Amino acid sequence: MLKSGRTAEPSPALVVSEAAPVAERPEVEDDAGPDLSGPYRAFGHPRSHALPSLVLYFNAEERRKYGRKKMQIQYEHLDSDDPQSEGFAADGQSFSFVVSGARRAMRVTARGRALEEGYDWLLQHRLPWMRSADADRDFGQGGSAVITSFVIEPVQEEEGAGR
């Protein structure tokens with residue numbers, strides 16, 4: 001209990017200075033999504049616990065194609081990799097996963113560079129968001145992760161499946 005006239009001081013561990021690097025800030029820093037006016041980042045900061053959903057933020061071309069700014073995916077609807085069509089590509093330039101919700105199954109493919117770490121966090125359901133870069137923001141330099149595009153397509157049921 002506080003004595004009268006005193007105010008509670010926040011714990012030093014919870015105080016975040018504006019000058020603190022992003023890596024030292026609390027996990028909730030990017031819960032609202034990426035800073036679209038700031039430097040590009042392909043992936044949100046991974047969490048220490050499993051998350052209920054993942055948000056894909058589309059670049060300008062994808063916004064025109066899909067008619068929306070972002071898409072939310074429930075992690076519980078991620079299907080297991082099919083070695084023929086999903087997973088992390090051998091060339092390291094893309095990965096695909098299937099979302100099998102109640103309405104329909106769809107395959108999401110992320111293309112770009114240096115994607116493996118983000119893919120690993122995705123598999124653990126610890127990635128809050130992914131963002132594709134506009135073509136004019138992809139300079140093709142450095143070792144940082146860059147998602148150049150998301151391709152979303154319906155999964156065609158194989159003939160004879162489910163019989």
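A short reminder: the numbers here are calculations on the coordinates, not readings from a lab. Remember, predicted model here, so these are calculated numbers, not experimental data. Note that each Cβ is placed from the backbone with ideal geometry, even for glycine, and that neighbours are counted across all protein chains shown.
Find how much the distance from Lys70 to Arg103 grows on full extension, using 0.36 nm per residue of separation minus their present alpha carbon separation; answer in nm with one decimal.
10.0 nm
For the peptides 105-114, 45-54, what is the packing order when you average, over each peptide's residues, the other Cβ atoms within 10 Å and list the highest mean first?
Details: 105-114: 18.1, 45-54: 13.9.
Going from most to least packed, we get 105-114, 45-54.
Would you mind classifying segment 51-154 by shape? Square roots of the alpha carbon gyration tensor eigenvalues, ordered a ≥ b ≥ c; an a/c under 1.5 is rounded, otherwise it is prolate if a/b is larger than b/c and oblate if not.
Oblate.
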